[in-house]
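Quick notes on the structure that follows.
Each reported figure results from applying straightforward, stated rules to the coordinates on display, with no laboratory input. None of these values were measured; they are calculated from a predicted model. All Cβ positions, even for glycine, are placed from backbone atoms using ideal geometry, and neighbour counts span all protein chains on display.
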Amino acid sequence: MSIQIISKLPSTSSSSLDLWKEKNDRLVGQARQLSGDSCLSRRRQELAQDILEGFSELLLTLQGLPAAVPALPLELTVTCNYIILKASLAQDFSEDLTKDIQRVLERVLETQSQPEPKSQQGLQELWRSVLSASPRLPELLPTLHCLASLQAILWMSADRLGDLALLLQTLNGSQTETSEDLLLLLKSWSPSAEKSDAPLILQDAEGLTDVLLTAFACRQGLQELITGNLPLALSSLHEAASGLCPPSVLVQVYTAMGTCLRKMENPQRALLYLTAALKVGKTCALPLLEASRIYQQLGDTVAELESLELLVEALGATYSSKTLKLLIEVESLLPQPGPSSPLHCGTQSQAKHLLARRCLQAGRAEDAVEHYLDLLAMFLGGSETRLSPPTSSTGPCIPELCLEAAASLIQAGRAPDALTVCEELLRRTSSLLPKMALWENARKRTKELPYCPLWVSATHLLQGQAWSQLKAQKEALSEFSLCLELLFRALPEDKEQGAGSNCEQKSGPDVALKQLRVIALLSRGLEWAASGQDTKALSDFLLSVQICPGNRDGSFYLLQTLKRLDRKNEASAFWQEAQTPPPQEEATWSLPLYLETCLSWIHPPNCEALLEEFGTSLLESPPHL
């Protein structure tokens, strides 16, 4: 059956087409005039909506007539303008836009008589049919390619990469490439150029393809960075940087390239990209955060902390970056960075929390105290306490913040202030926990807040450390004992495993609770030893190594106390046991910072060397009979 092309526009004069073309061109001119002014106001938004409504009315007029080839270039152009403007104003690519594309493709096929009904074809089949007929409709190619660019953008934004690959293969006239060659397919496609007398269009196919290519390269680079395929990530990001990349996106691309190079152990080259990122963009938070990570990797604490201080300032600055978007841009095709994204920068409070933590870890207690007190003033000003888990991405949880602040205050020699912070934390969390007499079932009753026993017990541990710093031995022992009582009630021993079960057999808050119990036992044992009560100290030290076999601090204090009590036979036997290497899983433990800080206070300097000296002296001394 021969194909007949409907080449006439029934009941419509060419003057009507000219009028509709003039209206389209006028609306495009108005949109371009609006987009030339970056000011965002309600009036300008209303004008943009009026232009969109004008395109919608014009499209309804054209589609109210029988499909005919002479009118199709204008109809396709108006459809493209309508989709571009609607997507730009909404900053979203809705399903309605796909329906608009499907409708106009069906209109193209209506101009040709074919046996199968087009309503039964899917969108991919529609495109194949239309593009296979395009050689007979050369006047439609430029606007068809523009529409195909919009279709590609919609499919990319919906992660329909298989459909996108098939469309690009059809456009390139090749079926040999696979979906893995999307970047190559995009680079290989050369859209047809618009004629000089064609109806005006907001963005032509070439411009849209450039946007699509840059956005896809950026998305692919970030995805490969997340999955750890660093060479491919770097290659894709380099492709994005060399394309139509606006400054705001170029900052992200350069920063991501810096992240790649840092992970590839090339920090100096990474810093060059971060420097470039700082030069091209108005916002500098993202490269500053990555710079702090690089300086941490290099061991340059001064530069790292300076970067974090600048990051806090940058996140507190306000930028009037809102502009009226009337074109599809690369930014609108990039997903918002989530917590797992390398481009996630966080909030000012999160950055300040990171700065406070790094100051504490770097031994700058006074600076840490200043930042922690600023954060507490910010968060404790409200009536509610944020009790999200420590791994939450919404920001620092208040109990963790208070415990870290108390630890920093003790580290800075400000024990009274630490006690005040601890008392405030206990006041805010006491209502969430069972009373002391009911703590036997505390684990079952705190499933929704598994960290609560840890927080409260750690608060008493820090209070004990504060009292110890103030030389108030009675109060310190009382707090350490209360901490241990809470822990033993919250963590009843598993009868099958016994008290000697390894710490690494637990995870999450359970590991921290076990380690907290060891720290509390060692802290109380040191208080007993300082007061000359070595027998009580020995009991605590012994229990600590039973809870976590292989714990070097507990082994040291236990041997030291046995030697002081002149119990050399027991010391010799235990020293032989202590030679067994600790479990490998111990290296993977990640304790909360406040517990790491407490560990640093009780960790004996040169512990390993002293243990060796113990062993040598024990072997040289004759055993007691």
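A few comments on the model shown:
- Whole-Hz couplings from phi, Karplus 6.51/-1.76/1.60, listed for region 337-349; x for Gly and Pro: x, x, x, 8, 6, x, 9, 7, 9, x, 9, 5, 5
- Calculated from the alpha-carbon coordinates, region 508-572 shows an Rg and a Dmax of 11.8, 40 Å respectively.
- Calculated over region 136-237, the projected area of the Cα convex hull averaged across directions stands at 7.1 nm².
- For K471, the aspartates and glutamates whose Cα falls under 16 Å of its own Cα, not counting residues fewer than eight places away in the same chain, are D417, E479, E527.
- Across region 362-372, computed HN-Hα scalar couplings (Karplus, 6.51 cos²θ - 1.76 cosθ + 1.60, θ = phi - 60°) run 7, x, 9, 4, 4, 5, 4, 4, 4, 5, 5 Hz from first to last residue, x flagging Gly and Pro.
- Separation in nanometres of the label points that stand 7 Å from Cα toward Cβ, at R42 and R128: 5.2 nm
- The calculated FRET efficiency for the pair E22 and S196, based on their C-beta separation and a Förster distance of 22 Å, comes to about 0.85.
- Base-10 log of normalised Debye intensity for region 216-301 (one unit scatterer per alpha-carbon) at q = 0.17, 0.24 Å⁻¹: -0.60, -1.15
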